[in-house]
1. Tell me which of these Leu317 doesn't satisfy, since it passes every other one: (1) among the hydrophobic types (A, V, I, L, M, F, W, C); (2) open to solvent by 10 Å² or more (accessible area, probe 1.4 Å); (3) in contact with a Leu (Cβ under 8 Å, 6 or more places away or on another chain).
2. Considering only residues that are of a type in the set (A, V, I, L, M) and either free of Cβ contacts under 8 Å to residues at least 12 places away in the same chain or out of contact with any strand residue (DSSP E or B) (no Cβ under 8 Å at 6 or more places or on another chain) (or both), which ones fall in segment 82-130?
3. It is to be established whether one or more residues within segment 118-130 are part of a strand (DSSP E or B), open to solvent by 50 Å² or more (accessible area, probe 1.4 Å) and at positive phi.
4. Tell me, which residue of segment 74-112 that is of a type in the set (S, T, N, Q) and out of contact with any Lys or Arg (no Cβ under 7 Å at 6 or more places or on another chain) is least open to solvent (accessible area, probe 1.4 Å)?
5. Checking the condition assigned to a helix (DSSP H, G or I), more than 12 Å from ligand 1 (Cβ to nearest atom), at pLDDT 95 or above and of a type outside the set (A, V, I, L, M, F, W, C), which residue from Arg89, Arg82, Arg71 passes?
6. Test of understanding: among Ile168, Ile143, which residue is open to solvent by less than 20 Å² (accessible area, probe 1.4 Å) and either within 16 Å of ligand 1 (Cβ to nearest atom) or touching a residue at least 12 places away in the same chain (Cβ under 8 Å) (or both)?
7. Please give the number of the condition Asp163 fails out of (1) outside any strand (DSSP E or B); (2) surrounded by fewer than 22 Cβ atoms within 10 Å (Cβ to Cβ); (3) touching a strand residue (DSSP E or B) at 6+ places or on another chain (Cβ under 7 Å).
8. Please determine, by comparing only the residues of segment 191-208 that are within 15 Å of Thr351 (Cα to Cα) and not polar (S, T, N, Q), which one is farthest from ligand 2 (Cβ to nearest atom).
Amino acid sequence: MPKAQRTQVGIVGAGPAGLVLSHLLYLHGIESVVLENRSRTYVEERVRAGVLEQNTVDLLCEMGVGERMKREGLVHYGIELRFKRRGHRIDFQELTGGKGITIYAQAEVLKDLNNARIATGGQVLFEVEDVGVHDLDSPMPKITYRKDDADCELHCDFIAGCDGFHGICRPSVPAGVLTEYDRTYPFGWLGILAQAPPSSEELIYTYHELGFALLSMRNSQLSRLYLQCAPDEDINGWSDDRIWRELRTRLASTNGWKLTDGPVLQKGVTGMRSFVVEPMQYGRLYLAGDSAHIVPPTGAKGLNLAVTDVQILARALEEYYSKGSHNLLDSYSEVCLRRVWKVQRFSWWMTSMLHRFPDDNPFDQRRQLAELDYVTSSRAAAKTLAENYVGLPLEDH
Ligand code: APR
Ligand code: PHB
């Protein structure tokens, strides 16, 4: 006989979406249980992105999990666009009325959230197996899973599918209900985490005839850098020396700027795709984050979009439990998708402007350079980039 448990909201996945949702619900007095099939260590050590929009920073502070981020995060008020070996700063502060971004690794955000969940008696179950979701179009859906070799059932009012792109929630929606929108890019990113002091105060996005390059960072001792590569690039073909040589070539600048290298602690290749599923809800299942949409990392939006999804979902669940109203739950998908498509547009635009496409001809390359020249010489165009990069305001609904 499976061990049965009852809760209000069952959450599959302890990534940013699942943990932010669980803690937001707790702050609204709503119970939840988070089911994660990996270990806590694995989830907290996974190297992922690290750019937080102003809205994400404000929300984490409001939730009471922003203290370490405030202490250790790097606040930036601009980025550099580099092309033809010259850098051009996009001044967020001037262009967005004072907004900025915070560099703070996703892994650190997850550590802070896990600590807060556990400190407040939250239930985050790691290393569960065989998670399945059922009765989604009934008033009491359930999640089945195995924990410590025991069959378990979690009966809920609602299920939040926060299990990422490769999770089980989206595929559990009956065929024909969801529509998928997809674009894969003919390149990937080779990323490194290096024990090297960042060679720039702010992020540097570079357009180069050999391909895109990005200089980012984690703190005063750790740099994070990316190179455009083939989608199926073999990382074994890239010695650390070759990586630094290629970075030096692509990031080269006429003003004598130098790239400081150091031991490569971690390296890997990731594919690039844009993906959206509509709607983001089926019955009592609500999809949030990467389970519903993927953006190419050029706009640094993946984490932030997951956070705004669950911010919208938490408000809707709060309205349901406090007023018995379904209004915000019924509009959840539509409200999220409006933002998702704007963020998809921005991420596609940054990717298209800064990468070399194998099928492009010299006209296309001149057009890309003209776009970069326009964005860095027109205040209106720079403002568009800036307001999207720091994060579009969350719409009241
Ligand atoms: N059962 C339980 N947990 C699962 C299952 C499953 N079947 N499948 C996946 N998970 C877990 C994963 O191990 C992961 O910890 O769900 C979590 C999903 O987290 P993310 O992939 O981080 O997705 P999300 O929370 O939506 O955050 C999106 O995170 O990874 C970045 O680039 C991504 O920035 C984006 C953001
Ligand atoms: C990162 O710091 O990992 C990072 C920064 C900006 C991006 C993508 C990744 O666009």
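1. So the condition that Leu317 fails would be (2).
2. Residues of segment 82-130 that are of a type in the set (A, V, I, L, M), as a first pass: 90, 95, 101, 103, 105, 107, 109-110, 113, 116, 118-119, 124-125, 128.
Within segment 82-130, Leu95, Ala107, Leu110, Leu113, Ala116, Ile118, Ala119 meet the criteria.
3. yes
4. Thr102
5. Arg71
6. Working: Ile168 fails: open to solvent by less than 20 Å² (accessible area, probe 1.4 Å).
Checking each option against the conditions leaves just Ile143.
7. (2)
8. Kept after step one, since they are within 15 Å of Thr351 (Cα to Cα), are these residues of segment 191-208: 204-208.
The next check asks that each one be not polar (S, T, N, Q); those that pass are 204-205, 207-208.
On the way: Ile204: 10, Tyr205: 7, Tyr207: 14, His208: 16 Å.
It comes out as His208.
The values are calculated or read from the model by the stated rules, or taken from the named source; none is laboratory data. These numbers come from a predicted model, not from an experiment. Every residue, glycine among them, receives a Cβ derived from its backbone with ideal geometry; neighbour counts consider all protein chains shown. Only protein heavy atoms, including side chains, enter the accessible area calculation; ligands, DNA and RNA are left aside. Shrake-Rupley method; radii C 1.70, N 1.55, O 1.52, S 1.80 Å.
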